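This report concerns only the one structure given below.
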Amino acid sequence: MSDVGVVLLRPRQVAGRLAAGMVLGAAVTLGVVAAVGARADAGPPPALAAPSFVEEYAAAGLEQVYDGDFHHFVGGGVAAFDCDDDGLPDLYLAGGSEPAGLFRNVSEVGGPLRFEPRPDPVTDLTGVTGAYPLDLDGDGVTDLMVLRQGENVLLRGLGDCRFESAGDRFGLDGGQDWTTAFSATWEPDATLPTLAFGNYLDPDDQERGTCVPSLLVRPTGDAGTLAYGPPTPLTPAYCTLSLLFSDWDRSGRRDLRVSNDRQYHLDAEEQLWRIAPGEAPRAYGRNDGWQRLQLWGMGIASQDLTGDGYPEVFLTSQADNKLQTLAAGPDQPRYEDIAIDRGVTAHRPHLGSNVRPSTAWHPSFQDVNNDGHLDLHITKGNVEAMPEFAHDDPSNLLLGQPDGTFVERAEEAGVVSLGRARGAAVVDLNLDGLLDIVEVNRREPVRIWRNVGYGTAARPAPTGNWAAVRLTQAGPNRDAIGAWLEVDVAGRTTWREVTVGGGHASGQLGWHHLGLGDAEVARLRVQWPNGELGPWLELPASGFAVVERGATEAEPWTPTRDPDP
C-alpha cells in the first residue's frame with residue numbers, strides 16, 4: 001500500500017502545528033485552516049423541538065419476539081443493514097429460544113414502514129442473542145456475524161437477502177460459549193478483519209457464576225490466505241456485555257473497549273485492551289492512566305460530543321450510566337465522568353412516580369431531529385423481575401442542546417413503551433431523511449416507530465436539513481471501518497468515527513446520517529482507515545451520496561426501488 005497522501009494527525013495536533021507555522025502541505029493546510037478557523041468563530045446551531053413518531057409495529061409485519069429463560073435475560077439484538085442492494089435497511093432480529101428472523105424492507109420511500117419475512121433454515125437459528133453486519137470477505141455483499149448461546153455463526157451474504165454458513169470457509173471456530181458482544185476492525189494490510197467476541201457466563205456453571213473469557217481472533221497473516229488463526233483469550237474475564245474497537249486517541253490504532261457486568265465477579269471492572277499490529281493484546285493498567293470503574297456494564301456508545309475530535313464514551317448500567325471524556329488529552333486513557341453535567345445519567349424512569357433505579361441496555365448517538373446536535377436513545381427494561389430496580393422503565397430519547405447538554409423528550413416524541421427493551425436500531429428505514437426507531441423487547445413483540453418529523457402519519461413534514469453518506473474503498477474493508485468523517489456545517493466542524501460493535505447485541509451498517517439544521521450544504525472530509533486524508537467534498541442538503549476513496553466529488557444516489565417488487 002502506498003504511503004503517498006497519508007497524513008495521520010490528532011485533532012489537537014492540527015491546531016497546534018498550524019499555530020506554530022508548520023507546513024503540512026498546501027492542500028491539507030488550506031483545508032485544515034478553513035475548518036479550524038471557522039470552527040473557532042462559529043456558534044452552535046439552535047436546537048429543534050422533538051419530532052413526532054408513530055408506532056407501526058403491528059402493520060409493519062415484524063412479528064418477532066425475543067424469548068427464553070435465564071440464558072436470554074441478556075441479549076436481544078437487531079442488525080440493520082441492506083441485504084438486497086436497494087439502499088433500504090433490512091432487519092435481522094434475535095429470537096432467543098425462538099428462531100431468529102430476517103425481514104426484507106419493502107417500505108415505499110417516505111411512506112409507512114413495511115417488511116416481509118424471509119424464512120430460511122440458514123438464518124432462522126435458535127439461541128441467537130444478537131447480530132452485527134460487516135463485509136468480512138470484501139466482496140461488496142454484507143455478511144452477518146450471529147451471536148448465540150452456543151455456536152456463533154458467520155453468515156456470508158450471497159445477495160438478494162440470501163446467506164450461507166461460512167465459518168468453516170474461513171477457519172473460524174464458532175465455539176460453544178454464551179456470546180453477548182462483538183466488534184471488528186481491520187489491522188494494517190490485513191485481508192480479513194480482526195474479530196472480538198464478548199462472552200458471558202459459563203452456561204454449565206450457573207450456581208457459581210463463572211465468567212468465560214472473551215476472545216480476540218486475528219487472521220493468520222499468511223499472504224493471500226483468507227483464514228483465521230486460533231483465538232486469544234482476554235483474561236481476566238468479567239462477564240462481557242459490550243465491546244468496541246475505537247481509535248480513542250486518534251493514533252491510527254484501534255484498541256478494544258470492554259464493558260463488563262459486575263453482577264458475577266466482585267473484582268469486575270471496565271477494560272481497555274491495547275491492540276497493536278503484530279503484538280499480543282495488553283490490558284491498560286493504572287500505570288498507563290487507566291482508572292478502575294465498576295458497572296453493571298450493558299452497552300457502549302462512542303462519538304465526539306465536545307468538538308475536540310476525540311470520542312466520548314457512554315456506558316449503560318443499572319442506575320449509574322456514565323459519560324466519559326478524556327481527562328487530560330490523548331496521551332493516556334484517563335477518563336472523567338461528565339454524565340451529570342450533560343444531563344445523561346438517566347438513572348431513574350423519566351415517567352411515573354417510580355423512584356427505583358433504571359436498567360439501561362442499548363445506547364445510540366444519532367440526530368433524530370436533524371438540528372446538527374447528536375441525540376441519545378437508551379433502551380430500558382428490567383432484567384426479568386428484579387424488585388430493587390424499576391419495573392415500568394421506559395426508554396429514553398435525550399435531545400442534544402447547543403450548550404452540550406441533553407433534555408428528555410421521549411414522551412413528547414411519542415416513543416414511550418413499558419416493554420422490557422433490549423437491543424435497538426436508530427436508522428432511516430424508508431429513506432426520507434428522518435431516523436426511525438426499532439426496539440427489541442424481552443417476551444413482547446418488537447416495537448417500531450416511524451419518524452414523521454413535524455407532520456402526521458398521513459402527511460410527514462421535515463425537521464432540519466440532513467445528508468446521508470456511504471463510504472466505499474477497493475480491496476478489504478470495503479465499508480472503510482475505522483474511518484473518521486470530518487463534517488463542516490456552516491463553519492462548525494464535528495467528527496464521527498465509523499465502527500462495527502458497541503451497543504447491546506445490535507449493530508448497523510450502511511448510511512451515515514448527518515443532521516444539518518438550516519444549512520443548505522455541508523462539507524465532508526474523510527480520514528480513511530490507513531490515515532490518508534481525502535479532499536473536502538460538498539454535500540447538498542436532503543440527499544444521499546456515496547464517497548469513494550480517491551474521488552474528488554461525492555456521487556449522488558437516489559432511491560429508485562419499486563416498493564412492490
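Three principal axis extents, largest first, for the C-alpha atoms of the stretch 92-194, in Å?
42, 33, 21
DSSP loop GluC sites (Glu not before Pro) in the stretch 277-353 with at most 12 other Cβ atoms within 10 Å of their Cβ, which ones? The partial results should precede the final answer.
Numbers: sites: 279, 312, 336; in loops: 279.
Sites meeting the loop and neighbour criteria: 279.
P(r) for the stretch 190-292, please, calculated from all Cα pair distances in 10 Å bins and given in %.
Once binned at 10 Å, the Cα pair distances of the stretch 190-292 give 15, 43, 30, 11, 1.
Suppose R0 equals 51 Å. What FRET efficiency, 1/(1 + (r/R0)^6) with r the Cβ-Cβ distance, do residue 411 and residue 266 give to the nearest 0.05?
Working: r = 39 Å, r/R0 = 0.76.
According to the calculation, E is roughly 0.85.
Per 10 Å bin from zero, what fraction in whole % of the C-alpha pairs of the stretch 343-449 is there, up to the bin with the longest pair?
16, 49, 29, 6, 0
Work out how much length residue 220 to residue 120 would gain on full extension: take 0.36 nm times their residue separation and subtract the Cα-Cα distance, in nm to one decimal.
Numbers: separation 100, 0.36 × 100 = 36.00 nm, distance 3.19 nm.
Contour length minus the Cα-Cα distance gives 32.8 nm.
Compactness ratio of the stretch 111-259: Cα Rg over 2.2 N^0.38 Å, N = residue count?
Values: Rg = 16.2 Å, N = 149, 2.2 N^0.38 = 14.7 Å.
Scaled against compact globular proteins, the figure is 1.10.
Percent of Cα-Cα pairs more than 12 Å apart in the stretch 203-258, please.
Working: 1157 of 1540 pairs.
Percentage above 12 Å: 75.
Whole number please: convex hull volume per residue of the Cα set in the stretch 449-530, in Å³? List each step's numbers first, then the result.
Numbers: hull volume 10.8 nm³, N = 82.
Roughly 132 Å³ of hull volume per residue.
Output the direction-averaged projected area (hull surface divided by four) of the convex hull of the alpha-carbon atoms of the stretch 140-203, in nm².
About 4.8 nm², averaged over all directions.
For the stretch 405-454, what mean projected area does the convex hull of the alpha carbons give, in nm²?
Values: hull surface 17.1 nm².
Mean projected area of the Cα convex hull: 4.3 nm².
Consider a paramagnetic label point 7 Å from the Cα of residue 521 along Cα→Cβ; state which residues of the stretch 472-512 have an amide N under 19 Å from it.
Residues passing the 19 Å test: 486-494.
Restricting everything to alpha-carbon atoms, can you work out Rg to Rh for the stretch 60-131 with a Kirkwood hydrodynamic radius?
Details: Rg = 12.6 Å, Rh = 12.6 Å.
Looking at the stretch 60-131, the ratio lands at 1.01.
Determine Rg/Rh for the stretch 227-344; Rg is computed over alpha-carbon atoms and Rh is the Kirkwood hydrodynamic estimate from the same atoms.
Working: Rg = 14.2 Å, Rh = 14.9 Å.
Dividing the radius of gyration by the Kirkwood radius yields 0.96.
Using only alpha carbons, build the gyration tensor for the stretch 321-362 and give me the equivalent ellipsoid semi-axes, biggest first, whole Å. Show your work: numbers first, answer last.
On the way: eigenvalues 162, 18, 8 Å².
After diagonalising the Cα gyration tensor, the semi-axes are 28, 10, 6 Å.
Sequence-distant or interchain residues sharing an amide H contact under 5 Å with residue 429, placed H: which?
436
What FRET efficiency, computed as 1/(1 + (r/R0)^6) with R0 = 30 Å and r the Cβ-Cβ distance, is obtained for residue 189 and residue 294, rounded to the nearest 0.05?
Numbers: r = 38 Å, r/R0 = 1.26.
Calculated value: 0.20.
With labels modelled as points extended 7 Å from the Cα through the Cβ direction, what inter-label distance (nm, one decimal) is found for residue 168 paired with residue 392?
The two pseudo-label positions are separated by 5.3 nm.
Label 7 Å along Cα→Cβ of residue 109; the stretch 460-504 residues with amide nitrogen under 14 Å?
468
When you take every Cα atom in the stretch 385-432, what is the radius of gyration, and what is Dmax, the widest Cα pair distance, in Å?
13.8, 42
List the equivalent ellipsoid semi-axes of the stretch 495-565 in whole Å, largest first, each obtained as the square root of 5λ for an eigenvalue λ of the Cα gyration tensor. Before the final figure, lay out each step's value.
Details: eigenvalues 89, 82, 40 Å².
Taking √(5λ) for each Cα gyration eigenvalue gives 21, 20, 14 Å.
Just the accessible area for residue 544, please: 1.4 Å probe, Å², rounded to the nearest 10?
20 Å²
Quick one: check the C-alpha center-to-center distance for the stretch 130-181 versus the stretch 416-494, whole angstrom.
That distance is 23 Å.
Using r as the Cβ-Cβ distance of residue 553 and residue 139, and R0 as 41 Å, what FRET efficiency do you calculate, to the nearest 0.05? Working shown, then result.
Working: r = 26 Å, r/R0 = 0.63.
The formula returns an efficiency of 0.95 here.
Per residue of the chain, what 222 nm ellipticity follows from adding -39500 (n - 2.57) for every DSSP H run with n ≥ 4, rounded to the nearest 500?
Values: 5 runs with 37 residues, N = 565.
So the helix-based figure for the chain works out to -1500 deg cm²/dmol.
Report the Cα centroid-to-centroid distance between the stretch 82-111 and the stretch 373-405 in angstrom, as an integer.
25 Å
What figure, in Å² to the nearest 10, do you get for the accessible area of residue 56 with a 1.4 Å probe and non-protein molecules left out?
Near enough 20 Å² of accessible area.
I want to check the label-to-label distance for residue 251 and residue 454. Put each point 7 Å from Cα in the C-beta direction and report it in nm to one decimal.
Label at residue 251, label at residue 454, 4.7 nm between them.
Which log10 I(q)/I(0) values does the chain give at q = 0.12 Å⁻¹ under the Debye formula, counting every alpha carbon as one identical point scatterer?
-1.18
The values are calculated or read from the model by the stated rules, or taken from the named source; none is laboratory data. Given the structure is predicted, the values throughout are model-derived calculations rather than measurements. A quick note on method: Cβ atoms are made from the backbone with ideal geometry, for glycine too, and the neighbour counts reach across all protein chains shown. With ligands, DNA and RNA removed, areas are computed over all heavy atoms of the protein, side chains included. Shrake-Rupley method; radii C 1.70, N 1.55, O 1.52, S 1.80 Å.
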